[in-house]
Amino acid sequence: MTSQTASERRTFLIVGLGNPGRSYRANRHNAGYHVLDQLASAWGISFRRRQSESLLTDVHRGADRVVLAKPQTFMNRSGRAVAGLVRYYKLPLENLLVVYDDLDLPLAELRMRPEGGAGGHNGMRSLIDQLGSGGFPRLRIGIDRPPGRMDPADYVLQDFSEAEREAVELAIRRAIGCIEHFIREGIQAAMTWCNTEAEQT
């Protein structure tokens, strides 16, 4: 296999959505942060740099550069941070992957898609508004619907329960595999692997 030329080297931006601050750290709404924290740990890197209202770290995977970002703007303004990074790195939207929680998926189920709408998620709504498009890949992590008549806004800001944590940890490990497939093989191959894995659990 020949090495990639400079023109073939790509930059990927992997964004995990969440709310900054100690009080939000273990919340369901911070599932995107949880994935990126464990991905960074698996790759032996840490979030030490600030840019465009985000915590960043980056690494080379083969010839490709992969930037991991956790917006620090709070969820409903995430798009401002992400749009700034997309402009800075001059990224095509197909090289952006956003990881976030989803109330409409069962707990710990994963779904990767090449594009889509906000689906009622305030962070995704902010991204689509700021980027002017929903045409970017996304990886959703199911957190299930709130019980009874609980307000979804309250539910997403609760911590995962003890009973949920084992399933969520397994989902995070699978999500890391989804991201690695996306970088190596592209969105279609990653969807085949990731969504099939989700359906088998």
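A compact table of results
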| read-out | value |
| --- | --- |
| Qualifying trypsin sites (Lys or Arg not before Pro) for region 30-62 [loop in DSSP, other Cβ within 10 Å: at most 15] | 48 |
| Residue 26/residue 56 FRET efficiency (R0 22 Å; Cβ-Cβ; nearest 0.05) | 0.50 |
| Mean separation of Cα contacts under 8 Å, 6 or more apart, over the residue count of region 83-201: relative contact order % | 31 |
| With Cα atoms, 0 to 90° folded angle of helix 162-185 axis to the chain main axis | 20 |
| Difference of contour (0.36 nm per residue) and Cα-Cα distance, residue 77 to residue 166 | 29.0 nm |
| Helical contribution to [θ] at 222 nm, DSSP H n ≥ 4, -39,500 (n - 2.57), averaged over the chain, rounded to 500 | -12000 deg cm²/dmol |
| Rel. contact order, % - alpha carbon contacts under 8 angstrom, at least six apart, the chain | 23 |
| Gyration tensor verdict on region 1-114 (Cα atoms; rounded if a/c is under 1.5, prolate if a/b is larger than b/c, oblate otherwise) | prolate |
| Loop trypsin sites (Lys or Arg not before Pro), region 62-154, which have at most 12 other Cβ atoms in a 10 Å radius of their Cβ (DSSP) | 90, 149 |
| Mean separation of Cα contacts under 8 Å, 6 or more apart, over the residue count of region 1-106: relative contact order % | 37 |
| Rounded FRET efficiency, nearest 0.05, which uses the C-beta distance separating residue 49 from residue 195 and R0 of 30 Å | 0.40 |
| All-pairs Cα distance distribution in region 62-201, expressed in whole percent, bin size 10 Å | 11, 40, 37, 11, 1 |
| Nearest-ten-degree value, helix 78-89 long axis tilted from longest Cα axis of the chain | 10 |
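The numbers here are math on the coordinates, done by the rules we state, and not lab data. The structure displayed is predicted, hence computed values, not measured ones. Glycine gets a Cβ as well: all are built from the backbone with ideal geometry, and neighbour counts include every protein chain shown.
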